[in-house]
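Below is one structure; the comments refer to it alone.
Every number here is computed from the coordinates shown, using simple stated rules; none is lab data. Given the structure is predicted, the values throughout are model-derived calculations rather than measurements. Neighbour counts are summed over all protein chains in view; Cβ atoms, including those assigned to glycine, are modelled from backbone coordinates with ideal geometry.
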Amino acid sequence: MQISFTLNGRPTTVDVEPATLVAELLREQLNLTGTHIGCDTSQCGACVVHLDGLPVKSCTLLAPALDGATLLTIEGLQGAPGSNQMHPMQEAFREHHGLQCGFCTPGMLMTAVALATEKPDLTEADVRHGLEGNICRCTGYQNIVVSVMAGAAAMNAAKGE
Amino acid sequence: MGNVIGIGAAPKRKEDQRFLTGRGNYVSDIKRPGMTSGVFVRSPHGHAVLRGIDKSAALASPGVIAVLTGDDVKADSLGSLPCGWGITDAKGTPMKEPPFPMLAQGKVRFVGDMVAFVIAETPEQANAGAELLKIDYEVLPSVVGVLEAVRPGAPQLFDDVPDNICCNWELGDKAAVEAAFRKAAHVAKLSLVNNRLIGNPMEPRAAIAEYEPGTDRFTLWTTSQFPHVVRFLMGALVLNIPQHKLRVVAPDVGGGFGVKQFHYGEEAVITWAAKRVKRPVKWVASRSEGYVSDRHGRDHVTEAELALDENGKFLAFRVNTLANMGGYLSTFGPNIPTNLYGPLLSGVYTTPAIYCNVKVVFTNTVPVDAYRGAGRPEATFVLERIVDVAASEMGIDRVEIRRRNMIPKEAYPYQTPVLVQYDSGDPMGCLDGALVAADVKGFGARKAASARKGRFRGLGYSTYVEACGLAPSRFAGRLGARGGLYESATVRVHPTGQVTVMIGTHNHGQGHETTFAQIVSDKLGVAFENVDIVFGDTDRVQFGMGTYGSRSLVVGGAALSKATDKVIAKGKKIASHLLEAAEADIHFESGKFSVAGTDRMKTFEEIAGAAYVPHNYPLEVLEPGLEEQAYYDPVNFTYPGGCHIAEVEVDPETGTVTLVNYTAVDDVGTVINPMIVEGQLHGGIVQGVGQALFENAVYDEGSGQLLSGSLMDYCMPRADHLPMMKVATHSTLCTHTPMGVKGCGEVGTIGSPAAVINAVVDALSHLGVTHVDMPATPNRIWRLLQNASLPVAAE
């Protein structure tokens, strides 16, 4: 079947088998391999993308659900549009060593941006609770939590400008 | 022009850009023209005779290209998966080493054992074909626990391995230990289980292989921590592919923790299959598949006894352990519960006599091998737990008993009774630092506050040391290693003075691209941004043993340091010619070669240029070019260690243990990049906390089914399980590595399980609880509380 949606700001039309998962569509058909698949039980969160602005696990979503929707993946995350800069959350992860092997990172970033968008005054407890659906095996989460707090503050500051 | 960023600085990581923007290059991201998909058909039984496989329906399924089984492996006369260590018992009898076929032959020995490989045009077609394979199994009873496996009448995995015992390994002076026990004023005893773990790096394993008929060359892309070792083991010992015809690439790898430091049968099957089907073949494991095929870790049952005099001085330590090997010997398998366990039983203490017996046992479970810490967390857990038991039984404060037995700083180098000689350390300094950092003085008030909420609060200590920087080859060889454990580095200076380093270690999260670049920037005085680190490709990197055992900086960094020294030495020769001065008078500092006592000098870039444009150059005595290589084989292990203090709160209503504070003061030697070291400590600690509180691989006795076979059943630590940890370093310098480094990748995982469980036991000690097995789940604690004397309010 044919579906049309907005992918990272661009109108996109693709032919898909109806049983295709969004994560597979992105990785195999559209060559956007930044969205990772770390499990088969929707537990790890490496595949989180934004569907109409909300974080979803793309390994649990069928491609036909994209029709008419807006999808943002890690490849589309950026600072001010056209600025060629990283998003403040990406900058914060680099600044605070919020990643090691990098495999969970795209999902962490997408979840973090959604958390900070939903609740601008995030507490440490909010962040820890909000990251429950994203597993990291490398960092012990400490620097991820620090990064998300810093990234959220930077997003707020940018909004205020 | 960028800046020199040297040793001790904390630049942001070079590798982050690609990971933050979704541009990493992991094996599963790679696509090759004409690529096919493969799936492994795995045994659903723990133990069964493989009576026959009917491929016909599978082969007729749409898109299926080939189905390979153990019979095909046999027909092609391929080798068995090799074990890299051959241990012996006290009499020198070699371990039992049954063959480990890459696809099962005659029998399957664990749930997940590979039976067939189905190749098709798409993953869906491969899966559909696999469903149609008819496999005739005669199911046998399984044995999964070590205690059960050595009992008379237990199911036998191999006809020629009586009682399932691979090796009955011993270390230490048994007679001296027995004599010391006879004199002891007190003997503390402890029985414990070191729970079985599954490493779960976030990237599942994957591989792609390709064969080029025109050149007779193979390429394997694999999620590996040691591509050169895979090339050797697989090429030379399994598939008979000449080394120069085989390229192994391990690109970005999403975490390893040991799980990816073995040569797996999947790699061999896929490489072999690529030639048979004459097309590239790709396989990506699902997480569920990883649970039943990634090598597991730990799984010990131990009886320990500590003999003490009337003042609490340790006289002797005796440890008897049954260690689970699973169904076959994996690459490092038998080395882990023996050579990486027994020699650690001295810990940071002056115990004069130690004896350790380890029975290495086969069971119908996934093969067990190294997982972060590998042997050393198990040793630390036994020792640090029994020290607490002894302190409690003798009425001596837990910190005080440690102090009375600790090796004083001035006693280093210190020869233990269990092979190893610690070169440097200051356990007392780490302990003192941690006591302050953890605000142990304020613990009483915090405990009282918890009690007012109806919670029990406990504090736990772990003062520990480990042996890493694997390893001195000569020493390892005496212990049974079948390979060397050196490392290699090439420093290639380009004509413009920029530098590319080719190194045999593998970066999968540890920040090598940054840390190693700092070393080069520091030593050669070139800008940090002008140094790139290449790893993970046997065609680009000369050789290497890979990354595990906290060896990358210790052994690889030392090779890199030596290679940069050679570059400087050659640069001095070139400078001496250009500056018309004696070589002995050339001084190199901050990127400049100068003549001592003069202002005549040449920059590093000028020397590099002269080396590649040798118009004015001593060609009679010196080759052009500026590229040097070094191999480094360490003279000893390194011995990082420290003191960890955990603080927990137990809710007696639910049995839930909450880690409320965690403090670590670790001695990792010289710190190159403190940001990265801190990150390694955080991650390591949380993996140990995972073992102590959450993680447990559970098998069903009899059927051999893995009951904890998904992220739903095997609890991984999550962000909201954890407090903010305090980590700090208190370093003494390693005396035998070029930069004084000791390694930091595993210390967290080694020190933390004992600290956490000691805290849990402390919290419950008023109820008569003397030991809690890991993981201290709510269920386990709640049951313990139901069986304990009625909970009275904590003081």
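Which of B:ILE135, B:ILE354, B:ILE7 has the fewest other C-beta atoms within 10 Å, and how do the rest follow up to the most?
By the 10 Å Cβ count, ascending: B:ILE7, B:ILE135, B:ILE354.
What size of dipole, in debye to the nearest 20, comes out for chain B about its Cα centre when the only charges are +1 on Lys and Arg C-beta atoms and -1 on Asp and Glu C-beta atoms?
220
Non-local amide H neighbours of B:CYS166 (under 5 Å, H modeled in plane, Pro and chain starts lacking H): which ones?
B:VAL360, B:VAL361, B:PHE362
So, with +1 on the Cβ of K and R and -1 on the Cβ of D and E, and no other charges, what is the size of the charge dipole of the stretch B:486-632 about its Cα centre, to the nearest 20 debye? Could the numbers behind the result be given before it?
Details: 12 positive and 19 negative charges, 45 e Å.
My answer is approximately 220 debye.
More than 19 Å apart: what percent of Cα pairs in the stretch B:4-55 qualify?
When every Cα pair of the stretch B:4-55 is considered, 65 percent fall beyond 19 Å.
Order of A:ASP52, B:ASP159, B:ASP423 from fewest to most other C-beta atoms within 10 Å?
B:ASP159, A:ASP52, B:ASP423
Could you give each residue of the stretch A:28-35 its phi-based ³J(HN,Hα) in whole Hz, using Karplus coefficients 6.51, -1.76, 1.60 with θ = phi - 60°, and x for Gly or Pro?
Values, residue by residue: 8, 8, 9, 6, 9, 8, x, 7 Hz.
Would you work out if the stretch B:484-548 is rounded, prolate or oblate? Take a ≥ b ≥ c from the square roots of the eigenvalues of the alpha-carbon gyration tensor; rounded if a/c is under 1.5, else prolate when a/b is larger than b/c, oblate otherwise.
Prolate, since a/c reaches 1.5 and a/b exceeds b/c.
Using θ = phi - 60° and the Karplus form 6.51 cos²θ - 1.76 cosθ + 1.60, what ³J(HN,Hα) does each residue of the stretch B:15-25 get, whole Hz, x for Gly and Pro?
Per-residue couplings from phi come out as 7, 5, 3, 6, 6, 5, 9, x, 10, x, 10 Hz.
Using a ≥ b ≥ c from the Cα gyration tensor of the stretch A:2-76 (square roots of the eigenvalues), is it rounded, prolate or oblate, where a/c under 1.5 gives rounded and otherwise the larger of a/b and b/c decides, a/b for prolate?
Verdict is prolate for the stretch A:2-76.
Suppose the Debye formula is applied to equal point scatterers at every Cα of the stretch B:534-664; what is log10 I(q)/I(0) at q = 0.12, 0.15 Å⁻¹?
With no solvent term, the Cα-only Debye profile gives -0.68, -0.86.
Please list, or write none, the lysines whose alpha carbon is within less than 18 Å of the alpha carbon of B:LYS523, excluding same-chain residues fewer than 8 places away.
By straight Cα distance, B:LYS523 reaches B:LYS562, B:LYS566, B:LYS570, B:LYS572, B:LYS573, B:LYS592, B:LYS602.
Return the whole-Å distance between the Cα centroid of the stretch B:602-640 and the Cα centroid of the stretch B:468-520.
Spelled out, the Cα-based centre of one part sits 17 Å from the other.
Can you check how the C-alpha radius of gyration of the stretch B:135-190 compares to 2.2 N^0.38 Å, as a plain ratio? If you can, show how the numbers build up before the last one.
Working: Rg = 18.6 Å, N = 56, 2.2 N^0.38 = 10.2 Å.
Dividing the Cα radius of gyration by 2.2 N^0.38 Å gives 1.83.
Of B:LEU308, B:ALA391, A:CYS101, which is farthest towards the positive pole of the protein assembly as shown's charge dipole, taken about the Cα centre with +1 and -1 on the beta-carbons of Lys, Arg and Asp, Glu respectively?
Ranked along the dipole, the leading option is B:LEU308.
Answer with one residue from A:CYS39, A:MET89, A:THR20: the one whose Cα lies farthest towards the positive end of the charge dipole of the stretch A:6-112, charges on Cβ with Lys, Arg +1 and Asp, Glu -1.
Value computed over the given set: A:MET89.
Under a cut-off of 24 Å between alpha-carbon atoms, report the lysines in cross-link reach of B:LYS91, not counting same-chain residues fewer than 8 places apart.
Within the straight-line cut-off, B:LYS91 pairs with B:LYS174, B:LYS359.
Contact order normalised by length for the stretch B:189-259, with contacts defined as Cα pairs under 8 Å and 6 or more residues apart; what percent is it?
Computed over the stretch B:189-259, the figure is 37 percent.
Extending each Cα 7 Å along its Cβ direction at B:SER56 and B:ALA90, get the distance between those two points in nm, one decimal.
5.9
Can you put A:HIS129, B:HIS512 in order of Cβ neighbours within 10 angstrom, beginning with the fewest?
On the way: A:HIS129 14, B:HIS512 26.
The fewest-first ordering by Cβ neighbours comes to A:HIS129, B:HIS512.
Please compute, for the alpha-carbon atoms of chain B, the extent along each of the three principal axes and give them in descending order in Å.
The Cα atoms of chain B stretch 89, 75, 53 Å along their principal axes.
List the relative contact order of the stretch A:88-160 as a percent without decimals, with contacts defined as Cα pairs under 8 Å and 6+ residues apart. If you can, show how the numbers build up before the last one.
Values: 85 pairs, mean separation 39.1, N = 73.
Once normalised by length, the contact order is 54 percent.
In nm, to one decimal, how far is the modelled label at B:GLN498 from the one at B:SER473, with both set 7 Å along Cα→Cβ?
For the pair B:GLN498/B:SER473, the computed spacing is 3.4 nm.
Of B:ALA754, B:MET716, B:THR737, whose Cα points farthest to the positive end of the dipole of the stretch B:694-766 (charges on the beta-carbon: +1 Lys, Arg; -1 Asp, Glu; origin at the Cα centre)?
So the residue furthest toward the plus end is B:THR737.
Could you tell me what percent of the DSSP beta bridges with both partners in the protein assembly as shown are antiparallel, to the nearest 5?
80
When Lys and Arg each count +1 and Asp and Glu each count -1, what net charge do the other residues less than 11 Å away from B:ASN364, Cβ to Cβ, add up to?
After counting each charged neighbour, the total is -2.
With the contact rule set at Cα under 8 Å and sequence spacing of 6 or more, what percent relative contact order holds for chain B?
16
For B:LYS742, which aspartates and glutamates qualify as cross-link partners when the Cα separation must be under 18 Å and same-chain residues fewer than eight apart are set aside?
The qualifying aspartates and glutamates are B:ASP423, B:ASP426, B:GLU466, B:GLU487, B:ASP633, B:ASP666, B:ASP667, B:GLU678.
Can you show me the helix-derived [θ] at 222 nm for chain B, built from DSSP H runs with n ≥ 4 at -39,500 (n - 2.57) apiece and divided by the number of residues, rounded to the nearest 500. Write out the running numbers ahead of the final one.
Details: 20 runs with 208 residues, N = 795.
So the calculated ellipticity at 222 nm is -8000 deg cm²/dmol.
Students often check this: by mean Cβ neighbours within 10 Å, which of B:556-566, B:743-753, B:34-44 ranks highest, and how do the rest follow?
So the peptides B:556-566, B:743-753, B:34-44, ranked by packing, come out B:743-753, B:556-566, B:34-44.
Just checking the output field for A:83-92: average partner chain Cβ neighbours within 10 Å of each residue's Cβ?
Taking the mean over all residues of the peptide, I get 2.
What residues have an amide H closer than 5 Å to that of B:HIS47, excluding those fewer than 5 places away on the same chain, when H is modeled at 1.01 Å from N in the peptide plane?
B:LEU140
Considering every Cα-Cα pair within the protein assembly as shown, what fraction, in whole percent, is farther apart than 45 Å?
Above the 45 Å cut-off, the protein assembly as shown has 30 percent of its Cα pairs.
Out of all Cα-Cα pairs in the stretch B:255-321, roughly what percent, to the nearest whole number, are more than 18 Å apart?
On the way: 1398 of 2211 pairs.
Value for the stretch B:255-321: 63 percent of Cα pairs lie more than 18 Å apart.
How much net charge surrounds A:CYS59 when only other residues with a Cβ under 12 Å from its Cβ are counted (Lys, Arg +1; Asp, Glu -1)? Don't skip to the answer; put the middle values down first.
Numbers: positive: A:ARG27, A:LYS57, B:ARG287; negative: A:GLU24, A:ASP40.
Charge balance near A:CYS59 sits at +1.
Would you work out if the stretch B:660-740 is rounded, prolate or oblate? Take a ≥ b ≥ c from the square roots of the eigenvalues of the alpha-carbon gyration tensor; rounded if a/c is under 1.5, else prolate when a/b is larger than b/c, oblate otherwise.
Details: a/c = 3.55, a/b = 2.07, b/c = 1.72.
Here the stretch B:660-740 falls in the prolate category.
Give me the one-decimal nm value for the distance between modelled label points at B:ASP713 and B:ASP439, 7 Å along each residue's Cα-to-Cβ direction.
4.3
Note down the magnitude of the dipole of the protein assembly as shown about its Cα centre, charges +1 on Lys and Arg C-beta and -1 on Asp and Glu C-beta and zero elsewhere, to the nearest 20 debye. Don't jump to the answer; show the numbers that get you there.
Numbers: 82 positive and 101 negative charges, 163 e Å.
Using Cβ point charges on Lys, Arg, Asp and Glu, the protein assembly as shown gives about 780 debye.
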